[in-house]
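Below are the structure tokens for one structure; questions will follow.
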Amino acid sequence: MCGNNMSAPLPAIIPAARKATAAVIFLHGLGDTGHGWAEAFAGIRSSHIKYICPHAPVMPVTLNMNMAMPSWFDIVGLSPDSQEDEPGIKQAAENVKALIEQEVKNGIPSHRIILGGFSQGPISGVNRDISILQCHGDCDPLVPLMFGSLTVEKLKTLVNPANVTFKTYEGMMHSSCQQEMMDIKQFIDKLLPPVD
């Protein structure tokens, strides 16, 4: 377990087209960067929202024979009983908290900030009233649909179950699709409507 104490480049940012009154912070998956997700959000952006796609630090990942790659924390295995990198996960959460605090300093209220992530991209919430959209491809060979279903059931015990939406996409593997991005846009726009 190495945690993620290594530095990472500055996030990829899609600025709001007008004054930013809301923000989306979206974390990429293992081995990826924020650039591709920034490009995806540029295609569905709302003019009052700033999209922030940070890059994970590069670190050895146990699951991938200790190969160094962008990762929010170490991954030992993919089974539900695999050991977890608790220090690395806590550090990733602190990094996200710092991003949120920076946006609050920039004038965006914390209730107008949405967190999201793909695959390894960690999301967390302590507020039981938060809304959660979880999306999953029904043909994902890396993170089987069963894991997505288990995750959504766990989330329903942590937050108000009525605020948890789970969408599956027929034929989608470990990736994203246009319908999923439109569902994400609809979710974001509902939670972060323009205020001016």
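Determine, yes or no, whether Pro70 is at pLDDT 90 or above and under 18 Å from Ser119 (Cα atoms).
Spelling it out, Pro70 is indeed at pLDDT 90 or above and under 18 Å from Ser119 (Cα atoms).
Consider the stretch 29-64. How many of its residues are closer than 22 Å to Ala98 by Cα, open to solvent by 50 Å² or more (accessible area, probe 1.4 Å), in contact (Cβ under 8 Å) with a residue 40 or more places away in the chain and not in a strand (DSSP E or B)?
Total satisfying the criteria: 2.
Could I ask something else about it? Kindly indicate whether Leu133 is touching a residue at least 40 places away in the same chain (Cβ under 8 Å), within 26 Å of Ala42 (Cβ to Cβ), open to solvent by 30 Å² or more (accessible area, probe 1.4 Å) and not charged (D, E, K, R).
yes
Six or more apart or on different chains, Cβ atoms under 9 Å: show the pairs whose first residue is in the stretch 140-153 and free of Cβ contacts under 8 Å to residues at least 40 places away in the same chain and whose second is in a helix (DSSP H, G or I).
The qualifying pairs are Asp140/Phe147; Asp140/Gly148.
Could you grab the pairs with beta carbons closer than 6 Å, sequence gap of 6+ or different chains, first residue in the stretch 162-182 and acidic (Asp, Glu), second one not in a loop (DSSP other than H, G, I, E, B)?
Glu180/Cys135; Glu180/Tyr169
Looking only at residues in the stretch 127-149 that are of a type outside the set (S, T, N, Q) and assigned to a helix (DSSP H, G or I), which one is nearest to the chain's Cα centre (by Cα)?
Gly148
I need a count of the residues in the stretch 169-196 that are over 15 Å from Ile44 (Cβ atoms) and under 17 Å from the mean Cα position of the chain (by Cα).
2
Could you grab me the full set of residues in the stretch 71-108 that are out of contact with any Pro (no Cβ under 7 Å at 6 or more places or on another chain), closer than 23 Å to Gly36 by Cα and not in a helix (DSSP H, G or I)?
Scanning the stretch 71-108 gives Ser71, Phe73, Asp74, Ile75.
What are the residues in the stretch 69-115 that are open to solvent by 70 Å² or more (accessible area, probe 1.4 Å) and hydroxyl-bearing (Ser, Thr, Tyr), if any?
Matches in the stretch 69-115: Ser110 only.
Something else: Might you check whether a residue that is at pLDDT 90 or above, open to solvent by less than 60 Å² (accessible area, probe 1.4 Å) and either assigned to a helix (DSSP H, G or I) or closer than 22 Å to Ala38 by Cβ (or both) occurs anywhere in the stretch 150-164?
Looking for residues that are at pLDDT 90 or above, open to solvent by less than 60 Å² (accessible area, probe 1.4 Å) and either assigned to a helix (DSSP H, G or I) or closer than 22 Å to Ala38 by Cβ (or both), one finds none in the stretch 150-164, hence no.
The values are calculated or read from the model by the stated rules, or taken from the named source; none is laboratory data. Everything quoted here is computed from the prediction, not taken from an experiment. Methodologically, a virtual Cβ is constructed for each residue, glycine included, from the backbone with ideal geometry; neighbour enumeration extends over all protein chains shown. SASA here: full protein model, heavy atoms, side chains in, ligands and nucleic acids out. Shrake-Rupley method; radii C 1.70, N 1.55, O 1.52, S 1.80 Å.
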